[in-house]
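Everything below concerns the one structure shown next.
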Amino acid sequence: MDWARAIERNSEALVGIVEALFVMLGLVGSDMVSRIPQPLHRAVLRVLRPAESAVRRLVVIAARGLVVKLAASRPMPAGPIGKGGRSRPSFQLFDPRKNFALLSLRRGTAARLAPRIHIFARDPRVAALWAAPQPSPDPAPPPDGLVNAQRLTRRLQALKLALDDLPRQARRLARWRVRRETAKAPKFKSPLRPGPPPGHRRKPIHEVDEVLIECHGLACDAMKPDTS
């Protein structure tokens, strides 16, 4: 397998996708966008999620067989890091894990799991004790139709920085793995979560969907133990 060529081909495709997202938001360099229309926010997020997953898998491929040695721990700097007092956005190397408790609430599982107790003399106070928890309602959209885009902007900038220097991200991932292996009880050791990757769509509707499918397959192969 020509891993270098696979990384190069998919990186080029993702660079073009990220550049298109920057144009959609009107971003230049490290600029920040505070508020954008809600439909635009959703449109960018629909592409950003699978793009993040694809880049995360490129990092896994780039870190294949990489051996690193952890440096001695250093105290955190006193002030913020970066130019102009703003920290440099850091790309998340591992997939966000699913919150199964929240999914159960959304699907009504909690209501089905509630104990079946019949009370002949109905008392509203007793019924309230066994009431199924209800998910909090979604916040009402702002009257001007604009939503906060600062977190979205930082995620997009972190994605671009990671693409610009995949070898650095691969070294970060290798160090992350060493720390996980030496931890007493880590929640998970793999940067990739089980099942489909975040942002995966069964029916591709965008170029990024095809890139994610290929990167996910390559990353799974790269993580298999070398039996040669």
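The values are calculated or read from the model by the stated rules, or taken from the named source; none is laboratory data. Computed from a predicted structure; not experimentally measured. With ideal geometry, Cβ positions are generated from the backbone for all residues, glycine too; neighbour counts draw on all protein chains shown.
Here are the numbers for this structure:
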item	result
Sole exception among (1) crowded, with 19+ Cβ neighbours inside 10 Å; (2) of a type outside the set (A, V, I, L, M); (3) more than 29 Å from R175 (Cβ to Cβ) for R56, by number	(3)
Count of the stretch 178-228 residues which are more than 13 Å from A51 (Cβ to Cβ), among the charged types (D, E, K, R) and assigned to a loop (DSSP other than H, G, I, E, B)	8
Qualifying residues in the stretch 209-228 (those that are within 21 Å of R97 (Cα to Cα) and touching a Leu at 6+ places or on another chain (Cβ under 9 Å)) - the one surrounded by the fewest Cβ atoms within 10 Å (Cβ to Cβ)	C220
Residues of the stretch 36-91 satisfying the condition of being assigned to a loop (DSSP other than H, G, I, E, B), of a type in the set (G, A, S) and at pLDDT 85 or above	A63, G65, S90
